[in-house]
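J.: Have a look at this one before I ask anything.
Where a number appears in this text, it was derived from the coordinates with a stated rule and is not lab data. Predicted model only: the values in this text are computed from it and were never measured. Positions of Cβ are backbone-derived with ideal geometry, glycine not excepted, and every protein chain shown enters the neighbour counts.
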């Protein structure tokens with residue numbers, strides 16, 4: 001559905017919200033999810049020249065995998081984990097008369113996490129994520145923009161805390177056809193130094209990622225889609241020892257399928273399943289995702 005159709009940009013906005021990432025890159029909690037793997041179709045199908053409005057989103061995902069990928073990219077029947085994560089997000093959208101044909105948004109996100117692995121279990125609130133986004137429309141069918149978020153260093157417990165600040169930035173795009181849509185992002189995550197009390201100082205490896213979504217507008221209510229996610233993480237550098245940590249680099253490619261349900265002009269629901277098809281030094285993804293959006 002195009003934003004120009006049915007004069008209902010509110011309805012179109014229910015099919016999108018700007019995404020966020022949870023990056024638990026600590027030794028105690030290493031997530032298998034690709035950065036921004038939570039996004040759904042039309043995530044960046046964004047309007048311009050609109051009146052301010054607000055969106056509340058609840059994301060949830062679970063990963064139940066007993067396998068992992070070793071340093072040679074081989075899939076092994078160990079090293080997996082069972083994790084559940086959530087993000088509660090408030091987004092304020094607005095445009096400015098002084099800057100026509102450009103849209104803006106500001107997000108405030110609180111993450112939640114629970115992990116069950118190796119005979120232990122723990123959970124709690126993770127870091128908080130905040131940041132803006134801006135975009136324009138090269139033509140009525142497409143959107144192009146940029147987003148940047150800061151992630152705090154701590155959660156409610158050490159196991160859910162990265163213990164360093166990080167920046168998540170990406171280019172975003174969307175293109176709409178009559179019966180299909182294609183959108184996604186490409187970006188990086190850069191972290192500040194992580195200091196271990198009484199120990200070494202580490203520089204987290206830079207993350208490169210992309211998330212692509214291709215959907216079929218089957219009906220006004222039902223929209224199935226295909227997902228591809230890719231991530232590559234450079235190794236962690238031990239600044240005290242002046243060397244990279246062994247097997248601290250990683251990569252992952254996942255493929256998935258799901259469906260979006262546009263229930264009303266104020267409410268939508270999206271669900272998806274994804275699985276790893278390639279990896280290195282990372283637990284495999286055997287994950288399911290949900291996304292609930294309410295707009296006012």
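J.: Can you sort 264, 68, 111 from fewest to most other Cβ atoms within 10 Å of each residue's own Cβ? Intermediate results must be reported in sequence, preceding the final value.
T.: Working: 264 11, 68 22, 111 25.
Fewest-to-most Cβ neighbours within 10 Å comes out as 264, 68, 111.
J.: Same structure, new question: Sort the following peptides by mean Cβ neighbour count (other Cβ atoms within 10 Å, averaged over residues), highest first: 223-232, 49-58, 245-254. Mind dumping the intermediate values first?
T.: Working: 223-232: 20.2, 49-58: 14.5, 245-254: 17.4.
In descending order of packing, they fall as 223-232, 245-254, 49-58.
J.: Still on this structure, I have one more. Please report, to one decimal in angstroms, the Kirkwood hydrodynamic radius of the stretch 5-295 built from all distinct Cα-Cα pairs.
T.: Details: mean 1/r = 0.0513 Å⁻¹.
Averaging 1/r across every pair of different Cα atoms and inverting gives 19.5 Å.
J.: Then there's this: Using a 10 Å cut-off on Cβ atoms, rank the peptides 150-161, 36-47 from the highest mean neighbour count down.
T.: Details: 150-161: 18.0, 36-47: 26.1.
Per-residue mean Cβ counts within 10 Å order the peptides as 36-47, 150-161.
J.: Follow-up. Round to a whole angstrom and tell me the spacing of the C-alpha centers of the stretch 99-147 and the stretch 241-272.
T.: 12 Å
J.: Rounded, prolate or oblate: which one fits the stretch 132-198, using the alpha carbon gyration tensor with axes a ≥ b ≥ c (rounded when a/c is under 1.5, else prolate when a/b beats b/c, else oblate)? Write out the running numbers ahead of the final one.
T.: On the way: a/c = 4.17, a/b = 3.07, b/c = 1.36.
Prolate, because a/c is 1.5 or more and a/b exceeds b/c.
J.: If you take the beta carbon distance between residue 167 and residue 216 as r and set R0 to 41 Å, what does 1/(1 + (r/R0)^6) give as a FRET efficiency, to the nearest 0.05? Mind dumping the intermediate values first?
T.: Values: r = 35 Å, r/R0 = 0.85.
After rounding to 0.05, the efficiency reads 0.75.
J.: I'm checking a number: the convex hull volume of the Cα atoms of the stretch 199-246, normalised per residue, in Å³. What is it? Before the final figure, lay out each step's value.
T.: Details: hull volume 4.8 nm³, N = 48.
Looking at the stretch 199-246, the number lands at 100 Å³ per residue.
J.: A follow-up question, please. Which value in deg cm²/dmol, rounded to the nearest 500, describes the helix-derived mean residue ellipticity at 222 nm for the chain, given -39,500 (n - 2.57) per DSSP H run of n ≥ 4 and division by the residue count?
T.: My calculation for the chain gives -500 deg cm²/dmol from helical runs alone.
J.: Any chance you could get the radius of gyration and Dmax over the Cα atoms of the stretch 89-224, in Å?
T.: Taking only Cα atoms of the stretch 89-224, I get Rg and Dmax of 18.9, 60 Å.
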